[in-house]
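A.B. asks: There's a structure below that I have some questions on.
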Amino acid sequence: MAGASWRLRFNEAGAIRPRNNERNRIFDYKPYAKQYEFHRLGVDKTERLLTAGNQLGKTLCGAHEAAFHATGMYPEWWPGRVWQRPTRGWIGGESSTVVRDTTQKLLLGDVTEGEDRLGTGIIPADQIVNIEWSRGVALGVDTAVIRNKSGGNSVIKFKSYEMQRQKWQGDTIDWCWYDEEP
């Protein structure tokens, strides 16, 4: 499976067959003041940094912003930048394993517990169009294609800092989220 493209099982309507409510969690997020301010600054700032102690919601904040931009599904309270079209984004982390176990898990679900967990993350299951698995780490995702509500598909590429510089160049992207300091 690693390195291969993998399609999800769809129902007659073209949506991933939902298993239960855990397949649509995108609007469960309620930011605290510092997270809200981070999102708000995205309207006119091209670079932002959210710093806080361990386990205080930095990754959760970044994951929701990435999910909102990829799906085009912004909550009513959203104060930040709104893309009116599908986006291309990169998500980076310390290593491929760390990316799989943190950002990928939050966005797409914990596939290390079984591939049926794909679609149990922040991005709703019925918005996941296609997954291309990484060749570098078991059950790591290289590319996720996400249905955008404006029409068309967004693309998220998962990258790690252990990659050589050449893997971080050449693409035109709309946004980039570094989950830890690169």
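A.B. asks: Among the numbered criteria (1) open to solvent by 20 Å² or more (accessible area, probe 1.4 Å); (2) closer than 29 Å to Arg40 by Cα, which single criterion is violated by Gln166?
C.D. replies: Exception for Gln166: condition (2).
A.B. asks: Kindly evaluate Ile91 against the criterion of being in a strand (DSSP E or B) and either open to solvent by less than 10 Å² (accessible area, probe 1.4 Å) or not polar (S, T, N, Q) (or both). Show your work before the answer.
C.D. replies: Values: in a strand (DSSP E or B): yes; either open to solvent by less than 10 Å² (accessible area, probe 1.4 Å) or not polar (S, T, N, Q) (or both): yes.
When the stated conditions are applied, Ile91 passes them.
A.B. asks: Out of the residues in region 153-182 that are modelled with pLDDT under 85 and not charged (D, E, K, R), state the one that is nearest to Gln55 (Cα to Cα).
C.D. replies: Restricting to residues being modelled with pLDDT under 85 and not charged (D, E, K, R), the top hit is Pro182.
A.B. asks: Could you list all residues from region 136-152 that are under 16 Å from Ala66 (Cβ atoms), crowded, with 17+ Cβ neighbours inside 10 Å and not aliphatic (A, V, I, L, M)?
C.D. replies: Passing the criteria: Asp142, Arg147, Asn148.
A.B. asks: Could you list, in sequence order, the residues of region 127-170 that are basic (Lys, Arg) and free of Cβ contacts under 8 Å to residues at least 60 places away in the same chain? Full working, then the answer.
C.D. replies: So in region 127-170, the residues basic (Lys, Arg) come out as 135, 147, 149, 157, 159, 165, 167.
Answer for region 127-170, where residues must be basic (Lys, Arg) and free of Cβ contacts under 8 Å to residues at least 60 places away in the same chain: Arg165, Lys167.
A.B. asks: Considering only region 172-182, state which residues are charged (D, E, K, R) and surrounded by fewer than 12 Cβ atoms within 10 Å (Cβ to Cβ).
C.D. replies: Of the residues in region 172-182, the ones charged (D, E, K, R) are 174, 179-181.
Of everything in region 172-182, just one residue is charged (D, E, K, R) and surrounded by fewer than 12 Cβ atoms within 10 Å (Cβ to Cβ), namely Glu181.
A.B. asks: Moving to a separate point now. Could you list all residues from region 57-88 that are acidic (Asp, Glu) and surrounded by fewer than 22 Cβ atoms within 10 Å (Cβ to Cβ)?
C.D. replies: Narrowing region 57-88 to residues acidic (Asp, Glu): 65, 76.
Within region 57-88, Glu76 is the sole residue that qualifies.
A.B. asks: Let me ask something else. Need the failing condition index for Lys105 against (1) free of Cβ contacts under 8 Å to residues at least 40 places away in the same chain; (2) closer than 27 Å to Lys30 by Cα; (3) open to solvent by less than 30 Å² (accessible area, probe 1.4 Å), just the number.
C.D. replies: Only one criterion is unmet by Lys105, namely (3).
The values are calculated or read from the model by the stated rules, or taken from the named source; none is laboratory data. Because the structure is predicted, anything quoted here is derived from the model rather than measured. Glycine also receives a Cβ, built like all others from the backbone with ideal geometry; neighbour counts cover every protein chain displayed. Heads up: the accessible areas ignore ligands, DNA and RNA and are worked out on the full protein's heavy atoms, side chains in. Shrake-Rupley method; radii C 1.70, N 1.55, O 1.52, S 1.80 Å.
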